[in-house]
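The values are calculated or read from the model by the stated rules, or taken from the named source; none is laboratory data. Bear in mind the structure is a predicted one, so any value in this text is a computation, not a measurement. When we count neighbours, we look across all protein chains shown, and the Cβ atoms used for this are built from the backbone with ideal geometry, even at glycine. Note: accessible area is taken over every heavy atom of the protein model, side chains too, but ligands, DNA and RNA are not part of it. Shrake-Rupley method; radii C 1.70, N 1.55, O 1.52, S 1.80 Å.
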Amino acid sequence: MKLTTKFTLWYFAIMLVVLLTGGYIVYYEIQDKISRVEVARHQRLNDLIAEQVRRGGDYSNSPTRKRATVTVIPADSVPRGGSSYYTRGIDWNPEFQVNEYRLMVTSYYQIKGQYYRITTYSFIPSFYQLLPGVVDSFKWILLMLLVLVIVSAGLIPKYILAPFKRTLKVIQSFDVKQHSAIRLPQTRTSEFLELNVFLEKMTEKAREDYQSLKEFTENASHELQTPTAIIRGKLDLLMESDIRDEQAILIAEMQNALERLSRIHSSLTLLTKLENQEYDGSSPVCISVLARGILDSFDELIEMKSLRLDAKIAEKVYVPLNPALADLLLTNLVSNAIRHNEAPAGERGWIMVNLAKEGLMISNSGREPQVPVMELFERFKKGNPGGDSIGIGLAIVRQICDLTGFTIQYQFHDGIHTLAVGFTDRVPASRLLQNLGLPLHHVKTVT
């Protein structure tokens, strides 16, 4: 729900409550005001009749005589604490032959030593007679308010929130890799000004942090290559010199450690580039051709480990992915299946690769991982701590999938590792794992 819609609904709800409460107050205030005015008029009329009685005049011909009663009363009948009072209630109106709301005012006077009670009455509009008029009035007010709210809901986003929408559009197009600072629209609204100042500072800080991180990564990558190359060269010279067997073993272990360090450095640099989204472009790439080429490049390693490869690759599978990332994704998945492939004693290990337009699924034989399978996507997490893997391959795969919007799932069951990558939202990786009968076109089987 949009912010303006919420404001509109809240404003309308509040005004509706205010109108209903106000209608109740107005209804009873009008009734009370009418009663007060009528009481004052009748008290004035009673005073006039008392004055006529005092002068000895005849009030019987007065138009109000039929609604006035003058009675001589004893002194003990005069109430204490006041000279007049009024009552009201429903009574029969003989003129209109209907029950109406009657207001009666009674006043007491002492005239020439005698006490008089003068009573006058009239019929006034009742609550129920006033109610339709009050309701109709508030209906029109509510209708006008509703029209005003609807019109305001259309004008507020167009004019009042226009600077905010322009700011949002600028932020959505912001990229930490851009060289110039963002330019936010000018506005005279103080809240929008504060928001723009904050966004300008935040985006500028993000750009500076990104540039600093990028420079550090590039510098670290460059600076580490030189000493690594020197150490590798010195070790090669030592291997060619006259050394004992024990020394050769130590040098070989140093070379292995150096190669491991180089792989870690390259992988961490690659992860940093992926997280910073430094790989531009996601034009459709034929992953079918890439998959066949990568499998062919691993033929010797597969034969060396005596593995059985079953490849089912669909024709012309295109995915929106940077070619370098597509190659990296497939290489890490296949190499992971080869490196961690183990079969029970007396059996032959195997790898199965299924590629279709919906996704990619790679299965292989192997031991049960010693950590939860979902933790294998984290950095430096290995299913077999004793292996030669550095534990970053699947982290790179996960980062590529997050970057491109692919889904990825990993499961282990009955000595089978299965890793699925879904290319579309309609067929996520979890469904690929559930549906092993995915329609795939069989291309070749390598044994």
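Modelled spin labels at Leu261 and Thr69, positioned 7 Å past Cα toward Cβ, are 11.9 nm from each other. Rolled with a 1.4 Å probe across the full set of protein chains, the surface gives Tyr318 an accessible area near 140 Å². From the cross-link list Lys169/Lys357; Lys169/Lys205; Lys234/Lys305; Lys169/Lys201; Lys2/Lys201, which pairs have alpha carbons spaced over 23 Å apart? Where the Cα-Cα span goes over 23 Å, the pairs concerned are Lys169/Lys357; Lys234/Lys305; Lys2/Lys201. A viscosity of 0.890 mPa s and a temperature of 25 °C, combined with the Kirkwood radius over C-alpha pairs in the Stokes-Einstein formula, give the range 93-173 a diffusion coefficient of 127 µm²/s. Taking R0 as 41 Å, what's the FRET efficiency between Glu194 and Ser297 from their Cβ-Cβ distance, rounded to 0.05? Between Glu194 and Ser297 the formula returns 0.10. Extension gain, Ile230 to Cys286: 0.36 nm times the residue separation minus the Cα-Cα distance gives 16.2 nm. The range 3-152: percent of C-alpha pairs farther apart than 26 Å? Tail of the P(r) past 26 Å holds 48 percent of the pairs.
One decimal place: the segment Asp245-Glu347 gains 33.1 nm when fully extended, by the rule 0.36 nm per residue minus the C-alpha distance.
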